[in-house]
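The values are calculated or read from the model by the stated rules, or taken from the named source; none is laboratory data. Source: prediction; values computed, not measured. Cβ coordinates were reconstructed from backbone atoms using ideal geometry, including for glycine residues, and neighbour counts include every protein chain displayed.
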């Protein structure tokens, strides 16, 4: 039975502190070589809070951490909350120039590096004047006296900045509020009836909203355990399922694709997972073939949701235990509102496709120090225009069909890349498919399809093209189908279509 909250919370560390007061000896973080209780993690939080205060970190300051998952990163996020600073997580596997850009954009007061678990973080640390932190697994810079603390209401309400992946342009700093993260912690935990005895596989980077919200904050909501990993390893996932009591498996579709490939390579049809009771995917479009394959292997429904950094987690979630014959992202969560908007700004009816707009408790107050870009997406009435295309079924379930900017207009018809990709993904041996438009000389758009084969598979491209020709209307058929050795991907598992189009722009 979930632990009930006994007092209101205004910052994310309040949730943690209450858990520690109730059950300090409760095992919380499970690493390959040790287990850490809530009380032991609290000692790290105490130490880092003191270090931040001694360094002069103030309310509204930003603390940037180049991180891979580890207890020290969790402790730093919570210590920032106690001080009133904003945790700005950046995946340590970013390049040096990307990290420098993020640090400058964040106007960070202090930089931290999780050198204890990440060689990449260690390499970044060498580019800065760093010293030992109070925790040996971290290194840090001196405080930057020139960094300007945020003031006003934002200073108190914001908990963290998540940098967007930049698939459609320059990365932006999404400000996440304490209220939004606390609300999603409750929503996510309740949607899967999370309990203190549960254990989730926590490889998803906590520098991303999926790892920070769905994994960390939801687990803190009830004190559930985290099998914490700094890197993803399919063999380790299945060992954790078989022998370490894992009950929750969550990740983007790309993770499940890798798991399926590993199972195929090992010749395993049904992996041992005696405690598993909830399987979930999000953060990217879900293909029906992946959904069916995962459900067949695990004997559990693959739950799906629609979330984004700008809404502190998920806007919609599938109902627990519900088997669906589509890839719907489910139903509105508590505290959220949704509209489907047409090209003239009109509300559309059920079944009609338009842009997804949202507002509610989880909505960001804006992009950090980017008022012009914020104004472009926050509409009258406080609605956020997501740039995603979707439609609602008659029962309210949301179907996400693609990005507005990725929609292809060919011969006057709208072509949604996801619809074309699904046809290619249904072909045996195709691991990933990406479809994008390219401006043609006649003012039309060419449809380009990029295909990645499963490991060891030799694809018959002519047969694949014939399959697409059979299942797609003439205006939806790609003018070019290219097999690529590997798709360029963001660290959160999204295909970088822009890079593919640029690479083959002269084809």
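Okay, here's what the table says:
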{"read-out": "Selected residue [buried (at least 24 other Cβ atoms within 10 Å of the Cβ), more than 15 Å from residue 237 (Cα to Cα) and either more than 17 Å from the chain's Cα centre (by Cα) or in the same structural domain as residue 204 (by TED's automatic domain parsing) (or both)] from 312, 284", "value": "312"}
{"read-out": "Condition check for residue 278: buried (at least 18 other Cβ atoms within 10 Å of the Cβ) and more than 22 Å from residue 386 (Cα to Cα)", "value": "yes"}
{"read-out": "Residues that are within 21 Å of the chain's Cα centre (by Cα), in a strand (DSSP E or B) and more than 14 Å from residue 339 (Cα to Cα), drawn from region 375-409", "value": "401, 402, 403"}
{"read-out": "Residue count for region 269-290, restricted to those that are modelled with pLDDT under 95 and more than 30 Å from residue 378 (Cβ to Cβ)", "value": "6"}
{"read-out": "Selection within region 438-475 - touching a residue at least 60 places away in the same chain (Cβ under 8 Å) and in a strand (DSSP E or B)", "value": "438"}
{"read-out": "Conditions (1) within 21 Å of residue 157 (Cα to Cα); (2) in contact with a strand residue (DSSP E or B) (Cβ under 6 Å, 6 or more places away or on another chain): number failed by residue 35", "value": "(1)"}
{"read-out": "Test: residue in region 18-28 that is without any contact (Cβ under 8 Å) to a residue 12 or more places away in the chain, surrounded by fewer than 19 Cβ atoms within 10 Å (Cβ to Cβ) and either over 25 Å from the mean Cα position of the chain (by Cα) or outside any loop (DSSP other than H, G, I, E, B) (or both)", "value": "yes"}
{"read-out": "Any hit, region 382-390, residues being free of Cβ contacts under 8 Å to residues at least 60 places away in the same chain, over 21 Å from residue 283 (Cβ atoms), buried (at least 17 other Cβ atoms within 10 Å of the Cβ) and not assigned by TED's automatic domain parsing to the domain that holds residue 282", "value": "yes"}
{"read-out": "Any hit, region 240-257, residues being loosely packed, with under 15 Cβ neighbours inside 10 Å, under 29 Å from residue 385 (Cα atoms) and in contact with a strand residue (DSSP E or B) (Cβ under 9 Å, 6 or more places away or on another chain)", "value": "no"}
{"read-out": "Test for residue 478: is it at pLDDT 90 or above, buried (at least 20 other Cβ atoms within 10 Å of the Cβ) and assigned to a loop (DSSP other than H, G, I, E, B)", "value": "yes"}
{"read-out": "Residue in region 357-371 that is without any contact (Cβ under 8 Å) to a residue 60 or more places away in the chain, more than 19 Å from the chain's Cα centre (by Cα) and not in a strand (DSSP E or B) present", "value": "yes"}
{"read-out": "Residue check, residue 153 assigned by TED's automatic domain parsing to the domain that holds residue 72, within 14 Å of residue 366 (Cβ to Cβ) and more than 16 Å from the chain's Cα centre (by Cα)", "value": "yes"}
{"read-out": "Residue list for region 250-263, filter: in contact with a helix residue (DSSP H, G or I) (Cβ under 7 Å, 6 or more places away or on another chain) and assigned to a strand (DSSP E or B)", "value": "250"}
{"read-out": "Count of residues meeting criterion [closer than 20 Å to residue 228 by Cα and outside any loop (DSSP other than H, G, I, E, B)] in region 107-147", "value": "6"}
